[in-house]
1. For the subset of segment 65-83 comprising residues that are closer than 17 Å to Ala172 by Cα and hydrophobic (A, V, I, L, M, F, W, C), which member is surrounded by the fewest Cβ atoms within 10 Å (Cβ to Cβ)?
2. Any residue at all in segment 159-176 that's without any contact (Cβ under 8 Å) to a residue 60 or more places away in the chain and either more than 17 Å from Leu44 (Cα to Cα) or part of a strand (DSSP E or B) (or both)?
3. When you go through (1) buried (at least 17 other Cβ atoms within 10 Å of the Cβ); (2) in contact with a Phe, Trp or Tyr (Cβ under 8 Å, 6 or more places away or on another chain) one by one for Ala26, which number turns out not to apply?
4. Out of contact with any Leu (no Cβ under 7 Å at 6 or more places or on another chain), under 17 Å from His51 (Cα atoms) and in contact (Cβ under 8 Å) with a residue 60 or more places away in the chain: is that true of Gly96 in this structure?
5. I need every pair where a residue in segment 75-86 that is more than 11 Å from Ala40 (Cβ to Cβ) and modelled with pLDDT of 90 or more has its Cβ under 9 Å from the Cβ of a residue that is of a type outside the set (Phe, Trp, Tyr) and part of a loop (DSSP other than H, G, I, E, B), sequence separation at least 6 or different chains.
6. Of all residues in segment 49-103, count the ones that are part of a strand (DSSP E or B) and over 20 Å from His144 (Cβ atoms).
7. Which residue out of Val62, Val143 is of a type in the set (Val, Ile, Thr), surrounded by 13 or more Cβ atoms within 10 Å (Cβ to Cβ) and touching a strand residue (DSSP E or B) at 6+ places or on another chain (Cβ under 7 Å)?
8. From Ala86, Ala106, grab the single residue that is of a type outside the set (Phe, Trp, Tyr) and either surrounded by fewer than 18 Cβ atoms within 10 Å (Cβ to Cβ) or touching a Lys or Arg at 6+ places or on another chain (Cβ under 9 Å) (or both).
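The values are calculated or read from the model by the stated rules, or taken from the named source; none is laboratory data. Everything numeric in this text was worked out from a predicted model, so none of it was measured. Note that we place each Cβ from the backbone using ideal geometry, even for glycine, and neighbour counts take in every protein chain shown.
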Amino acid sequence: MSRPSPDSAEPADRLLHAGKHLELRAKGTWEYAHRPNASAIVALFAVHKGHLICVEQERAPVGVCVLEVPAGLVGDTDADDVPAAAAGRELEEETGYKAETLEQVAVGPPSAGLSDEVVHFFKATNLTRIGDGGGVDGEEITVHRVPLHCAEAWIAGWATTDDRLVDPKVWAALWFLRDEPCDCD
């Protein structure tokens, strides 16, 4: 599917409401969320010695802890930010790992009917632990190292209570990491 050209008869966006970090906009009759302070999103499928690196944090919109892949905004602190730089930064901030290799493996919308966001997915390998992770500015992130050989069962077991959800990007990570060696320590 191709995007309309800039000179097409596409209706102009209208601002319906502006908050500090989000805007509600409309295009024709379609309403959607927009982040005025970010140009894109990054998400990382990180693997270290046969372990998937995941993060867990409370997410206010759903009211529970969510198991996720490390992720973050592009351009929220620097207008010249690019996805690869943001990916490396977010991996370090959230998990305490630095990636020697970042390979972009996909780009796409996480919820095309709700938001104009586009996510750049990176496979992060050759990791070195350089800190504790846990996030910045009041984030309370717990880092999990999940052995790839039993990741499906571990993730399913983690989400057995009503106060936990698994972000579908975690399941996508397993697919993108399916050929990684499982030399768990």
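1. That would be Val66.
2. yes
3. (1)
4. No.
5. If the second residue must be of a type outside the set (Phe, Trp, Tyr) and part of a loop (DSSP other than H, G, I, E, B), the pairs left are Ala85/Asp78.
6. Summing the residues that are part of a strand (DSSP E or B) and over 20 Å from His144 (Cβ atoms) in segment 49-103 gives 6.
7. Val143
8. After applying the criteria, what remains is Ala106.
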